[in-house]
Amino acid sequence: MGRTMLEASQVVIDEYGLPISNYEFVDYMNERLPEKLLTCEEMPGALRILEWVNENGIKSALATGDGVRNTTLKLKNKSWKNYYNEKTIITGDLVSKGKPDPEIFLIAAKAIGVKPENCIVFEDSIQGVKAAISAGMHIVWIPEHGMHFEDPPEPTQLLNSLLEFKPTQWCLPDFQEN
């Protein structure tokens with residue numbers, strides 16, 4: 001969804017006409033999410049890209065609308081979690097506005113010392129694509145499965161899957177297949 005937990009909860013509450021506050025909804029989800037987050041899988045092709053980034057010494061950050069707690073749970077069982085640290089993981093509770101505001105991406109670029117115009121954002125949410133465009137960054141958009149948009153923003157590159165990503169199209173070193 002690309003938003004902070006509070007913002008996302010308000011969208012769900014409004015969409016379904018739920019008779020609770022967004023704080024109550026967040027509490028409800030926080031009780032039930034940990035088990036799901038520990039077992040969530042990365043998108044197909046994500047591990048390949050993360051290992052390639054690491055092997056090639058390419059600076060990277062993780063910018064997510066999720067808070068520290070949920071992000072920590074998602075990363076707990078991932079082999080690549082050590083590619084990032086507390087300075088290069090930017091979570092939704094570190095920003096004043098969630099996506100589509102560009103703040104989270106601008107903080108991430110600053111954290112790794114790279115100008116926004118030299119960043120490539122891999123994004124699955126329309127809110128994140130809008131945020132990256134506002135930040136002046138290049139975007140590889142892999143739309144959330146089954147999502148259709150009447151007037152989508154213009155990403156730099158649109159893919160059906162991360163497996164389609166070709167670094168050489170970005171003047172970057174190719175994948176080294178084992």
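The values are calculated or read from the model by the stated rules, or taken from the named source; none is laboratory data. As the structure is a prediction and not an experimental result, all values here were calculated from the model. Methodologically, a virtual Cβ is constructed for each residue, glycine included, from the backbone with ideal geometry; neighbour enumeration extends over all protein chains shown.
Going by the structure shown, is Gly136 modelled with pLDDT of 95 or more, in a loop (DSSP other than H, G, I, E, B) and more than 19 Å from Ile49 (Cα to Cα)?
Numbers: modelled with pLDDT of 95 or more: yes; in a loop (DSSP other than H, G, I, E, B): yes; more than 19 Å from Ile49 (Cα to Cα): yes.
In short, yes.
What's the number of the only condition in (1) touching a strand residue (DSSP E or B) at 6+ places or on another chain (Cβ under 6 Å); (2) among the hydroxyl-bearing types (Ser, Thr, Tyr); (3) touching a residue at least 40 places away in the same chain (Cβ under 8 Å) that Thr71 fails to meet?
If we test Thr71 against (1) touching a strand residue (DSSP E or B) at 6+ places or on another chain (Cβ under 6 Å); (2) among the hydroxyl-bearing types (Ser, Thr, Tyr); (3) touching a residue at least 40 places away in the same chain (Cβ under 8 Å), just (3) comes out false.
Condition test on Val95, is it within 20 Å of Met43 (Cβ to Cβ) and in contact with an Asp or Glu (Cβ under 6 Å, 6 or more places away or on another chain)? Walk me through it before giving the result.
On the way: within 20 Å of Met43 (Cβ to Cβ): no; in contact with an Asp or Glu (Cβ under 6 Å, 6 or more places away or on another chain): yes.
Judged against the criteria, Val95 is not a match.
Got at least one residue in the range 90-102 being more than 27 Å from Leu38 (Cβ to Cβ), touching a residue at least 12 places away in the same chain (Cβ under 8 Å) and in contact with a Lys or Arg (Cβ under 7 Å, 6 or more places away or on another chain)?
yes
Taking the conditions exactly as written (of a type in the set (A, V, I, L, M), assigned to a helix (DSSP H, G or I) and touching a Gly at 6+ places or on another chain (Cβ under 9 Å)), does Ala131 satisfy them or not? Write out each step before concluding.
On the way: of a type in the set (A, V, I, L, M): yes; assigned to a helix (DSSP H, G or I): yes; touching a Gly at 6+ places or on another chain (Cβ under 9 Å): yes.
Criteria met by Ala131.
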